[in-house]
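Participant: Pasting a structure below so you can have a look.
The values are calculated or read from the model by the stated rules, or taken from the named source; none is laboratory data. Note that the structure is predicted; figures quoted are calculated from it, not measured. Because the Cβ atoms are built from the backbone with ideal geometry, glycine has one as well, and the counts that use them run over all protein chains shown. Heads up: the accessible areas ignore ligands, DNA and RNA and are worked out on the full protein's heavy atoms, side chains in. Shrake-Rupley method; radii C 1.70, N 1.55, O 1.52, S 1.80 Å.
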Amino acid sequence: YSIMKIKFKGADFITFLVIFILVTSIFGLYTNRPQTDQQVAPEPSFFYEEVAFYEQSDGFFGVYLQRSDGQVQPISFRLDPRTMNDILIESDLNQKIRNATKIYTSYNPNLDTSYAKMAVAIGEVTRLLPLITVNRAVSKNAFTEDANPIDPNVPIKTCKDATLEYPVIEFEIGNQNRVNSEGFCINVIGKNADDLILSADRLGYSFVGIY
């Protein structure tokens, strides 16, 4: 994927699936409407690093991606790109997962936080994984420690388990909003559940080449 430089003018994991579909489809449905002679491409709301962004009525920020097959795909983000530098991030994190066949998205199930928002943060990242990995890798939910009561259907995966083929993305609540890595593990950290979603979007932007 590459960023298209616009030249024309112009709580639970079940709810997470619904939220994800709604979030990503609004911009897609609008931009994929049949064009008529009277319709023109919308004017960008602003440019960030020469990339055109479109502010949506729901408060999201849309951008067009140029796919490797030549098609254009719109994607929406929650994080305003003009504020992304407030969240620290390492460079080239997509190289940590590029050759993966499966990617574990892991978190602590015993945290005192909103798991609906945790699911949204995870979804902001996982929606992009098949687009940026050689093998169109899919994600697998995991815990960093056993839940109480134990859920035998969810594996335990931490950074210690991360490999080239099976990397791990850990979602954490910490004292700073940042994204860093350890081996083949990426740590997405937010000071609270809302900030975690923004840190996840910061990672998403970097995956598609927007810094």
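Participant: Taking the alpha-carbon distance from LYS102 and a cut-off under 13 Å, which aspartates and glutamates remain once sequence neighbours fewer than 8 residues away in the same chain are dropped?
Facilitator: ASP161, GLU165
Participant: Run the dipole for the range 93-162 about the Cα centre, Lys and Arg Cβ at +1, Asp and Glu Cβ at -1, nothing else charged, and hand back the magnitude in debye, nearest 20.
Facilitator: Details: 9 positive and 6 negative charges, 97 e Å.
For the range 93-162, the charge dipole is close to 460 debye.
Participant: Then there's this: For ASN141, which sequence-distant residues (separation of 5 or more, or a different chain) have an amide H within less than 5 Å of its own amide H, given hydrogens modelled in the peptide plane?
Facilitator: It is THR105, by chain and number.
Participant: What are the ³J(HN,Hα) values, in whole Hz, obtained from phi via the Karplus relation 6.51 cos²θ - 1.76 cosθ + 1.60 with θ = phi - 60°, for each residue of the range 189-206 in sequence order, with x given for Gly and Pro?
Facilitator: Computed from phi, the couplings for the range 189-206 are 10, x, 6, 7, 5, 5, 5, 4, 4, 5, 5, 5, 5, 4, 5, x, 4, 5 Hz.
Participant: Can you list residues from other chains, or at least 5 along the same chain, whose modelled amide H is less than 5 Å from the amide H of ALA52?
Facilitator: ILE6
Participant: With +1 on each Lys and Arg Cβ and -1 on each Asp and Glu Cβ, how big is the dipole of the range 69-211 about its Cα centre, in debye rounded to the nearest 20?
Facilitator: On the way: 14 positive and 18 negative charges, 71 e Å.
The calculated dipole for the range 69-211 is roughly 340 debye.
Participant: Short version: ³J(HN,Hα) in whole Hz for each residue of the range 180-185, in order, from phi by Karplus 6.51 cos²θ - 1.76 cosθ + 1.60 (θ = phi - 60°), x for Gly and Pro, what are they?
Facilitator: Values, residue by residue: 9, 9, 8, x, 9, 10 Hz.
Participant: Another one. Determine the share of the range 150-208's accessible area contributed by carbon and sulfur atoms, expressed in whole percent, with a 1.4 angstrom probe. Walk me through the numbers on the way to the answer.
Facilitator: Values: 1160 of 2480 Å².
C and S fraction of accessible area: 47 percent.
Participant: ASP69 to LEU164: FRET efficiency via 1/(1 + (r/R0)^6), r the Cβ-Cβ distance, R0 30 Å, to the nearest 0.05? Kindly include the intermediate steps, with their values, before the conclusion.
Facilitator: Details: r = 26 Å, r/R0 = 0.88.
Once rounded, the FRET efficiency stands at 0.70.
Participant: Long-range amide H contacts for VAL154: which residues qualify at under 5 Å (H placed 1.01 Å from N, peptide plane, sequence gap of 5 or more or a different chain)?
Facilitator: none
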